[in-house]
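Student: Below is the structure I would like to discuss, written out as structure tokens.
Values quoted throughout were computed directly from the atomic coordinates according to the rules given, and no laboratory measurement underlies them. All of these numbers come straight from a predicted model, not from anything done at the bench. Cβ coordinates were reconstructed from backbone atoms using ideal geometry, including for glycine residues, and neighbour counts include every protein chain displayed.
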Amino acid sequence: MDESVKAALAKWPNVPHCYGWLGLDERGRWWMRDLAAQAAGPFAGSGATPESRGTLLRHEGLIAFIGRNYEADAEGQWFFQNGPQRVYVELAATPWIWRLQPDGRLHTHTGVPAGTPQQALLDEQGRLYLATPLGLGLVHSQDVPLAAQALEEGRWGAMPLHQVQADELPQRYGFVRSPARQASACSANR
């Protein structure tokens with residue numbers, strides 16, 4: 001976490017959390033979701049539309065800042081710590097999107113080394129996931145052929161490919177795809 005973020009947290013410890021304004025897609029891209037995008041529907045899944053995605057972030061400095069300050073809370077909700085405010089992230093798939101490096105190592109969409117995969121999973125749509133010491137991530141679509149070759153050659157050790165249902169992954173691997181939906185459900189139950 002950036003030192004400026006730590007200082008802001010210390011100075012303003014009780015800033016309300018923000019929900020629904022930031023999304024992470026299946027290719028590791030960040031999307032800013034204004035009120036119009038949020039009103040157009042959910043970021044991902046049933047009812048999602050191109051309009052509900054919002055605006056693709058392209059500013060490299062902002063993308064790097066988000067990446068350096070991206071983490072999860074104790075409930076498996078992923079967020080970007082923006083100064084004193086926690087901005088919870090809507091996930092299209094998983095908290096991590098894996099990119100294969102030329103030497104075969106995995107990195108996250110934020111550039112963090114992921115470690116050696118421990119499990120390989122294939123969902124009903126043919127998407128490839130790898131579980132690593134960092135957690136579960138979706139292999140970027142451009143890197144699936146490289147990952148398939150690495151699995152086939154046993155570069156990460158003997159690892160069978162397990163069939164899974166994508167909807168089972170959040171509970172199984174302890175992450176929340178839509179903190180905004182969860183926050184709304186909690187508010188409604190009070």
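Student: Using only DSSP helix segments of four residues or longer, with each worth -39500 (n - 2.57), what per-residue ellipticity at 222 nm results for the chain after dividing by its residue count and rounding to 500? Let's see the in-between values first.
Tutor: Working: 7 runs with 52 residues, N = 190.
For the chain, the value works out to -7000 deg cm²/dmol.
Student: Could you tell me which residue out of Ala40, Asn82, Leu62 lies farthest along the dipole of the stretch 24-88 toward its positive end? Charges go on the beta carbon: Lys and Arg +1, Asp and Glu -1, centred on the Cα centre.
Tutor: Farthest along the dipole direction, towards plus: Leu62.
Student: Work the Kirkwood hydrodynamic radius out for the stretch 69-111: mean of 1/r over every pair of different alpha-carbon atoms, inverted, in Å.
Tutor: In the stretch 69-111 this quantity evaluates to 11.7 Å.
Student: Now, a different point. Can you give me the pair-distance distribution of the stretch 96-173, C-alpha pairs, 10 Å bins, whole percents?
Tutor: 20, 59, 21, 0
Student: Below 8 Å between Cα atoms, with a sequence gap of 6+, how large is the relative contact order for the chain in percent?
Tutor: 21 percent
Student: Then there is this: Have a look at Leu128, Leu62, Leu24 and tell me which one the Gaussian network model of the chain (Cα, springs below 10 Å) gives the largest fluctuation.
Tutor: Highest fluctuation among the options: Leu62.
Student: Moving to a separate point now. Given the options Pro113, Pro170, Pro160, state which has the largest fluctuation in a GNM of the chain using a 10 Å cut-off (strictly under) for Cα springs.
Tutor: Answer for the Gaussian network model of the chain: Pro160.
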